[in-house]
1. Tell me the residue from 579, 591, 641 that is closer than 21 Å to residue 449 by Cβ, under 29 Å from the mean Cα position of the chain (by Cα) and of a type outside the set (S, T, N, Q), please.
2. For the range 366-380, does any single residue satisfy the condition of being in a helix (DSSP H, G or I) and either open to solvent by less than 20 Å² (accessible area, probe 1.4 Å) or within 15 Å of residue 75 (Cβ to Cβ) (or both)?
3. When the residues of the range 588-637 are narrowed to those that are polar (S, T, N, Q) and free of Cβ contacts under 8 Å to residues at least 40 places away in the same chain, which ends up farthest from residue 652 (Cα to Cα)?
4. With the structure loaded, tell me whether residue 407 is part of a loop (DSSP other than H, G, I, E, B), more than 22 Å from the chain's Cα centre (by Cα) and small (Gly, Ala, Ser) or whether it fails that test.
5. Quick one: residue 45 ticks every box in (1) modelled with pLDDT of 95 or more; (2) more than 29 Å from residue 414 (Cα to Cα); (3) surrounded by fewer than 16 Cβ atoms within 10 Å (Cβ to Cβ); (4) of a type outside the set (A, V, I, L, M, F, W, C) bar one, so which box is it?
6. Give the residues of the range 451-466 that are among the aliphatic types (A, V, I, L, M) and open to solvent by 10 Å² or more (accessible area, probe 1.4 Å), sorted by residue number.
7. Which condition from (1) in contact with a Lys or Arg (Cβ under 8 Å, 6 or more places away or on another chain); (2) buried (at least 16 other Cβ atoms within 10 Å of the Cβ); (3) over 25 Å from residue 656 (Cβ atoms) is the one that residue 527 breaks?
8. Inspect all residues belonging to the range 618-626 and state whether any of them is open to solvent by 20 Å² or more (accessible area, probe 1.4 Å) and either under 24 Å from residue 499 (Cβ atoms) or within 33 Å of the chain's Cα centre (by Cα) (or both).
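The values are calculated or read from the model by the stated rules, or taken from the named source; none is laboratory data. The structure displayed is predicted, hence computed values, not measured ones. A quick note on method: Cβ atoms are made from the backbone with ideal geometry, for glycine too, and the neighbour counts reach across all protein chains shown. Protein only, heavy atoms only, side chains kept; ligands, DNA and RNA dropped before computing areas. Shrake-Rupley method; radii C 1.70, N 1.55, O 1.52, S 1.80 Å.
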Amino acid sequence: MTLLSRLGRVRRVIASASPGYILKRVLLEVRRIVYDRLGLWAAVDASVNRRITSSVLVRPGAFTGGLLAGDAREAARLVLAGNDAVRARFEGRATQAEERRLSFFGYPIPMEGPWPWLEDWVHGHAWPVGPAGSVDHFAVRAVPYDPKLPFELSRLAFIVQTLASALVSETDDRRLALQSFALNALADWDSANPLGHSVNWYAMEASVRGVALCQALDLARMGGVNFEGQALIARVLARCAHYTEINIERAVESNNHLIGNLTCLAAAGFALRDIYPAASRWSRLARRDLPPEIERQFHADGGNFEGSLPYHLATTDLALIADLIFERSGDPLPDVSRSRLKAACTFAAQTADLDGRVPIVGDYDESRHLLFDLAGPLDAMNVAAFGAAQFGCDRPVGRPDALISVAFLLGRKGLDALAEVPSMATEVECLFPDSGVIVIRTPSVFFLQDVGHVGQNGNGGHGHNDLSSFVFSFCGQPILTDRGTGVYTADPACRDRLRSSSSHSLLVVDEYEIADLGPTLFQIHNQAKPFAVDLRGDGPEHWRTHVSHTGYQRLSPPVETARTIYIDGAGGRLVCEDRLQSPLVRTAVRRFQFGPDIDLTLDKGGSTAAFCAGGRLWRAVWDEGSHARVEIVDHFYGYGRNVSAPCLVLTGRGADQYLTLTLSVEASPG
């Protein structure tokens, strides 16, 4: 990529930005160009290799304590010993890595040949070794190859998990075999990815990798890995921190990447503090900038400002690690920052269903950073458990698979702390006013509605155009769901389609977005602002929610909309009322996104529909003025992985419209 094309890339990103933002982006790109063109990465790399050697690690005082708990081995063995199934899964994960039976986004890596560090092995695309700044991730492509595949592999979570299994292994032979595999894989990655010269040198990816390697270094030290092996991990960690420092993502709007960057610098600064001069600079930078960033990105009620429940989990993971690093260093984060993190853990626990999983609301790309647990990417219980042990939040019950990070990072003290706090309540009825989320959870009902602002404080970020949309499950069976994310830069049309208003369960006026999508794939204009938000209980197992928004007030003449939802948990009934007021005749289209397990069938007259869910016969009924049809749409249950699902489309036309949809159980099992 030429110099002009690289600056042109900045122009595409900042097409509608402020002058200050433009200046920051230009300076960032110029700095990247200087490092690429003048060969400065090679100089940094040489310095790392010269300063971090096995002989340095041998010296007294080269290690004065790490991120992991001092009794991590014993605490982890205690958790694993209490559940044979959990232990088998924990050990099996390392065996799968050792045998290269690894999958990312559902796609197994090739089991033979070189590691595909620089490849999208699904679409057969390989990135050459060369300056990372020359890779245009937003380039139009005929084949939808995706850097997320080499990114995810190169985050090296499997190396941490393999070393963790080695640490708790009962035999020396097994421990040594696992350690040898992990170090060989890391050496191979290091050889294939020269500093600053591969697709995997992207600031957020370097940051996540650095956070993982900080933990890998502790596992290696505690597991008796030789000093040369420890030095390898330390060198790759230092490279990640150097790259992150030069490319720190403060030049863009505040976002989860910046918390990732700062957590990496904190991790590298702490892990290398006794052996590497730059470590103190990284620690100071992270300690200065993390508190305001945590307070900016986590609302007082705990939700993350990205507007994505999966990203809430991922960002909370990173912030919890950063908090622990500074606690270990003797310079804990301020009380207000830690109170936000405590609230974030509670928010995660309360927005999860009874299985402990948060629904897909906003972007979901399967990222998590508490690497020891066996919990899946949408599982909130490891965050809940960590919050219980660290901050005294309510603890999850019956989930030993979510306690492994507590054991490794907080030790026996953390496990003992779990016994001192109350268990989580099964039932939740809560409006999070700052985060813009309503959640109702009982043994029969799970309902979650987005009633918040555009994600990332009005920038879009990982949020979707989903204000007033909701998900609904009854007796554990998903009825109305979210269609997911699709992909990011691999298919921009898919990206925009899945984050659009029409891909969510809400009312769309004249096919306008409730807020215009921005010029990039992560921008939404700040036009749809909620007001008159309310949640109230109308008796046992009865609730009412309400929200209005300003999204269509920008039309000429303005259009007023409001949505009220009534839920009868005992009777199995949900009523969604939408009101539209306009001086002109408008077309109102409501889409309701049903789960992929549901076969939705219109009756012959097209006035009602029936479906089965969880062994129950349900009936859907709507207002007489709406025309109904069923569309079959793509439903992405993971990043880039989709199945078909029905969408009920109700179309009405008029000036003032009162539109309804009622879902009710007609027959139950037995």
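1. Working: 579 fails: under 29 Å from the mean Cα position of the chain (by Cα); 641 fails: closer than 21 Å to residue 449 by Cβ.
When all the criteria are applied, what remains is 591.
2. Filtering the range 366-380 down to residues in a helix (DSSP H, G or I) leaves none.
The answer is no, given that none of the residues of the range 366-380 is in a helix (DSSP H, G or I) and either open to solvent by less than 20 Å² (accessible area, probe 1.4 Å) or within 15 Å of residue 75 (Cβ to Cβ) (or both).
3. Within the range 588-637, the subset polar (S, T, N, Q) is 593, 601, 607-608, 626.
In the following step, the residues that additionally are free of Cβ contacts under 8 Å to residues at least 40 places away in the same chain were identified as 601, 607-608, 626.
Details: 601: 20, 607: 13, 608: 15, 626: 5 Å.
Ranking the candidates gives 601 first.
4. Values: part of a loop (DSSP other than H, G, I, E, B): no; more than 22 Å from the chain's Cα centre (by Cα): yes; small (Gly, Ala, Ser): yes.
In short, no.
5. (3)
6. If we filter the range 451-466 for residues that are among the aliphatic types (A, V, I, L, M), which is where we start, we get 451, 454.
Within the range 451-466, 454 is the sole residue that qualifies.
7. Just one mismatch for residue 527, condition (3).
8. No, the conditions are met nowhere in the range 618-626.
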